[in-house]
Amino acid sequence: MNATKNVSLKPYNTFGIDVSSKQFCSISTVEELKEVISTHPKDELFILGGGSNILLTRDVNALVLHINIKGITIISETENTITVEVSAGENWHEFVLFCIDNNYGGVENLSLIPGNVGTAPMQNIGAYGVELKDVFESCKALDIASLEEKTFNKEDCNFGYRESVFKRQLKSKYILTSVRFRLTKKDHKLNVDYGAIRDELSKMNVNNPTIKDISNAVIAIRQSKLPDPKEIGNSGSFFKNPVVSVEKFNQLKSNFPNIPSYKISDQEVKVPAGWLIETAGFKGKTFGNYGVHKKQALVLVNYGGADGQDIYNLAKLIKKTVFRLFNIEIETEVNIL
Ligand code: EPU
């Protein structure tokens with residue numbers, strides 16, 4: 001396995017930022033992965049999956065390992081459920097479509113999320129009332145130091161809202177190589193409670209939705225407000241929705257009576273960062289070739305040729321303005337290099 005020098009990472013990140021990598025290697029098997037790591041003992045490694053949750057603000061002075069391991073294998077099945085193992089380099093949405101085609105239920109609400117299967121557990125991807133952890137059985141990951149593959153069960157992963165052990169305690173220590181999902185073959189547990197899904201299904205005149213109907217509804221909703229990275233560079237939600245105390249929320253509500261919220265517990269509520277950013281006046285703002293998306297203020301966009309550092313500076317300005325106006329600290333969801 002030979003690494004290539006000075007490869008542009010533009011095709012490998014959905015923000016479409018043009019930075020260069022010192023060395024680059026596309027990996028198709030776990031064996032190749034072990035070989036490359038053992039033959040480059042001194043090089044710093046930079047692991048790249050689907051590149052859908054990263055903002056590159058500078059050249060990557062490391063050996064970039066592009067995880068392109070493919071394959072979907074059925075591990076076991078009963079009358080009602082099926083366990084499938086999916087290699088890390090499979091595209092997430094293509095995997096969702098594979099499930100819909102085979103009538104395997106559980107991931108339909110997660111349609112059209114950019115990125116690869118191997119990076120989905122890192123931040124416990126979620127949308128429209130479902131999170132990856134709801135269908136996750138286990139994953140395999142390569143220990144970079146010992147080059148041994150280890151299996152992580154759900155409890156090992158410490159999944160939280162856009163969080164996992166791989167993003168925190170084990171950051172940069174393991175490379176995810178495959179994920180096992182437990183899906184339903186019949187009596188699917190449909191999640192239609194997220195308001196927008198119900199509205200979309202009734203627009204489609206669907207009364208008894210199938211998993212395909214739900215997937216189609218989610219695709220329609222996402223396409224109506226989230227930019228397609230193939231057309232406009234972006235990384236989905238740039239910030240996480242902050243969680244605040246009920247006490248603080250009530251104070252805010254007296255100044256901003258329309259502020260939306262979702263109850264988390266008796267003590268805490270989640271506030272949509274998109275609302276805070278829109279109210280701070282940033283929705284649809286453009287600064288030359290980058291800006292804040294017109295239809296969803298949580299999404300920062302690259303209209304073509306933007307510099308990652310400029311987008312990062314905009315994110316910092318948004319964070320500062322939101323803090324000044326609402327006294328709420330918003331955290332980035334996207335990883336920044
Ligand atoms: N809102 C605004 N202005 C905006 C955007 C949102 O006022 O510009 C308010 C509205 O009140 C709306 C509420 O925010 O009702 C919630 O908006 P939306 O349903 O679009 O969801 P979100 O909280 O902005 C989250 C996830 C998305 C996921 C959707 C649907 C996070 C950080 N984002 O967004 O995930 O698709 O819910 O479940 O949790 C992603 O992670 O990349 C992502 C796109």
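At a glance:
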read-out: Hey, residue 193 in a loop (DSSP other than H, G, I, E, B), open to solvent by 60 Å² or more (accessible area, probe 1.4 Å), closer than 23 Å to residue 104 by Cβ and modelled with pLDDT of 95 or more or not; value: no
read-out: Among the residues listed as 292, 334, 299, the single one being near the ligand (Cβ under 9 Å from one of its atoms), within 28 Å of residue 120 (Cβ to Cβ), open to solvent by less than 10 Å² (accessible area, probe 1.4 Å) and in contact with a Pro (Cβ under 8 Å, 6 or more places away or on another chain); value: 299
read-out: Within the stretch 260-282, considering residues that are more than 9 Å from the ligand (Cβ to nearest atom) and β-branched (Val, Ile, Thr), the one nearest to residue 332 (Cα to Cα); value: 269
read-out: Failed criterion for residue 202 (all others in (1) in contact with a Ser or Thr (Cβ under 8 Å, 6 or more places away or on another chain); (2) hydroxyl-bearing (Ser, Thr, Tyr); (3) part of a helix (DSSP H, G or I) hold); value: (1)
read-out: Residues that are under 22 Å from residue 30 (Cα atoms), surrounded by 19 or more Cβ atoms within 10 Å (Cβ to Cβ) and hydroxyl-bearing (Ser, Thr, Tyr), drawn from the stretch 71-111; value: 87
read-out: Number of positions in the stretch 129-157 that are assigned to a loop (DSSP other than H, G, I, E, B) and under 26 Å from residue 44 (Cβ atoms); value: 5
read-out: Residue list for the stretch 158-179, filter: within 16 Å of the ligand (Cβ to nearest atom), in a strand (DSSP E or B) and of a type in the set (Phe, Trp, Tyr); value: none
read-out: Members of the stretch 209-220 that are within 16 Å of the ligand (Cβ to nearest atom) and buried (at least 20 other Cβ atoms within 10 Å of the Cβ); value: 214, 215, 217, 218
read-out: So residue 182, is it open to solvent by 70 Å² or more (accessible area, probe 1.4 Å), in a strand (DSSP E or B) and either at pLDDT 95 or above or under 26 Å from residue 17 (Cβ atoms) (or both); value: yes
read-out: Identity of the residue in the stretch 227-242, within 13 Å of residue 292 (Cβ to Cβ) and open to solvent by 20 Å² or more (accessible area, probe 1.4 Å), that ends up nearest to the ligand (Cβ to nearest atom); value: 237
read-out: Output for the stretch 15-63, where each listed residue is in a loop (DSSP other than H, G, I, E, B), open to solvent by less than 30 Å² (accessible area, probe 1.4 Å) and within 25 Å of residue 90 (Cβ to Cβ); value: 15, 16, 17, 49, 50, 51, 52, 53, 56
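Matching residues to (1) within 23 Å of the chain's Cα centre (by Cα); (2) farther than 30 Å from residue 166 by Cα; (3) in contact (Cβ under 8 Å) with a residue 60 or more places away in the chain:
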site	(1), (2), (3)
180	yes, no, yes
187	no, yes, yes
199	no, yes, no
202	no, yes, no
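The values are calculated or read from the model by the stated rules, or taken from the named source; none is laboratory data. Every value quoted in this text rests on a predicted model; they were computed, and no experiment measured them. Cβ: placed from backbone, ideal geometry, glycine included. Neighbour counts: every protein chain shown. Side chains included, ligands, DNA and RNA excluded: accessible areas come from the protein's heavy atoms. Shrake-Rupley method; radii C 1.70, N 1.55, O 1.52, S 1.80 Å.
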